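Visitor: Starting off with a structure, shown below.
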Amino acid sequence: MDPVVVKVIIDHHSEKLTLSSGVPNTVEQLHETVKDTFQIHEEFTLHYLDEDFGDFFTIHSPNEVKHKGTIKVVIIPSIVLTLTTPETENVEVADGASDISSSTLRMLSSQSSSGSADYQSDTHHHKTLVEQCGQVKLRFHLFQLQQRQCSGMRMNSF
């Protein structure tokens, strides 16, 4: 089989890829070849430049890859979620932002760390504290958003 040469676009640069045995028999083999050749560690899909439309389309068949054609590596962004529990020291309560007072939070905090022999009670108090701290933060952020919207409306009305 004759070698096939393709232009490979990765991010904002282009590379030349020579497939000495021609286009691989499967899209998965082409994917592995591109991954290994250019040492791509992220998840990605491959697209080919369709000459009829002048745009890139997802490669579903190796027949879509042509000699001196262009393929594009499209990185699939990874999403990382970091979940943390709120700490009472960092909770800010604005006037009117919440019906839970700082003293209530302190009382719940002292209850959950009082060294009570009743573990289930402490666990329940801790969960309640975490839930209420989250509610306070959410209410505070909603309050801030409402304040910004009101200020924007006041400024726009002049």
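The numbers here are math on the coordinates, done by the rules we state, and not lab data. From a predicted model like this one, the values you see are computed outputs, not experimental measurements. Positions of Cβ are generated from backbone atoms using ideal geometry, with glycine treated the same way; all protein chains shown enter the neighbour counts.
Visitor: At I40 and F53, where each label point lies 7 Å from the Cα along Cα→Cβ, what is the point-to-point distance in nanometres?
Guide: If labels sit at I40 and F53, their model points lie 1.9 nm apart.
Visitor: Can you give the net charge of the other residues whose Cβ lies under 15 Å from the Cβ of V5, counting K and R as +1 and D and E as -1?
Guide: +2
Visitor: Could you list which residues have their amide H under 5 Å from that of L19, counting only those 5 or more apart in sequence or on another chain, with H placed in the peptide plane?
Guide: Distant-sequence amide H within range of L19: V4, V5, V6.
Visitor: Label segment 4-75 by shape, choosing from rounded, prolate and oblate, from the square roots a ≥ b ≥ c of the eigenvalues of the Cα gyration tensor; if a/c is under 1.5 it is rounded, and otherwise prolate applies when a/b is larger than b/c, oblate when it is not.
Guide: Details: a/c = 1.33, a/b = 1.10, b/c = 1.22.
Cα axes put segment 4-75 in the rounded bin.
Visitor: Taking R0 as 41 Å, what's the FRET efficiency between D11 and T84 from their Cβ-Cβ distance, rounded to 0.05? Before the final figure, lay out the partial values.
Guide: Values: r = 32 Å, r/R0 = 0.78.
The formula returns an efficiency of 0.80 here.
Visitor: Could you order peptides 42-50, 1-9, 14-22 by the average number of other Cβ atoms within 10 Å of their residues, highest first?
Guide: Packing proxy ranking, top to bottom: 42-50, 1-9, 14-22.
Visitor: Moving to a separate point now. Explain nothing, just compute: Karplus ³J(HN,Hα) = 6.51 cos²θ - 1.76 cosθ + 1.60, θ = phi - 60°, for every residue of segment 46-57 in order, whole Hz, x for Gly and Pro.
Guide: Result, rounded to whole Hz: 10, 10, 10, 7, 7, 5, 5, 9, x, 9, 8, 10.
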